[in-house]
Amino acid sequence: MMIKFEELNQQNDKITQLSNVLERLIQDRLTCDNPVVTDLFFQYSDEVKQHLDRQDKQIFAGLLASKDPSVTKTAKLFISGSAEIKRIFDRYLRHWCKKGQMNIDDHDKFVTQTEEMFAIVLKRIQDEVEHLYPMIRRVQSW
């Protein structure tokens, strides 16, 4: 019926690993123009989008159908958070990426905004692990 926690945790681990590596790599302006870094960056972007989309499609519908108001409230909060992350992430990508390439005109601003984006996504992952997944385990037997 729904996605396995193992898959969700693997996605979270992959996103966390990519953000940790990229955070170090983007500190050097010249490294940002390296095609390997660009590939990693777009892999990170794809992983985040896929993770949020998978949750939207495979988790939240079932939670919204719950008769427990606290479950539906939590689901709505996560859906709202997901929409906000997608909106912020899309705006970020439109600014820094053009035609599948990084477009870094102000390195310091890029690093700052990228670190902020990583922090938002990592906070979401932490919230999933600490709040969403335990709630799902409580209300459903997977």
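The values are calculated or read from the model by the stated rules, or taken from the named source; none is laboratory data. Since the model is a prediction, treat every value here as computed from it, not as a measurement. Quick reminder, even Gly has a Cβ in these numbers, built from the backbone with ideal geometry, and neighbours come from all protein chains shown. Quick note on the areas: whole protein, heavy atoms, side chains included, nothing else; ligands and nucleic acids left out. Shrake-Rupley method; radii C 1.70, N 1.55, O 1.52, S 1.80 Å.
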Cross-link reach from K99 to aspartates and glutamates, straight Cα distance under 19 Å and at least 8 residues apart if same chain, gives D33, D39, D46, E47, D90
What is the Å³ per residue value for the convex hull set by the Cα atoms of the chain?
101 Å³
Projecting the Cα atoms of I85, Y44, T114 onto the charge dipole of the chain, where Lys and Arg contribute +1 and Asp and Glu -1 at Cβ, the residue farthest towards the positive end is I85
Rounded tilt (10° steps) of 69-96 against the dominant C-alpha axis of the chain
10 degrees
So if I place +1 on the C-beta of Lys and Arg and -1 on the C-beta of Asp and Glu, and nothing else carries charge, what would the dipole magnitude of the chain be about its Cα centre? I want it in debye, nearest 20.
620 debye
Listed residue pairs exceeding 18 Å between alpha carbons, taken from K4/K67; K67/K123; K4/K57; K14/K98; K57/K123; K86/K123:
K4/K67; K67/K123; K14/K98; K57/K123
So the angle from the long Cα axis of helix 35-58 to the longest Cα principal axis of the chain, reported in degrees to the nearest 10, equals 20 degrees
Write down the accessible area per residue of the chain in Å², having rolled a 1.4 Å probe over the full set of protein chains.
58 Å²
Volume per residue (Å³) of the convex hull spanned by the alpha carbons of segment 50-116 is 85 Å³
Please compute the modelled spin-label separation between R87 and Q101, points set 7 Å along Cα→Cβ, answer in nm with one decimal.
3.2 nm
Could you tell me the relative contact order of segment 31-142? Use alpha-carbon pairs under 8 Å, at least six residues apart, and round to a whole percent.
23 percent
When the expected Rg is taken as 2.2 N^0.38 Å, what fraction or multiple of it is the alpha-carbon Rg of segment 84-126?
1.18
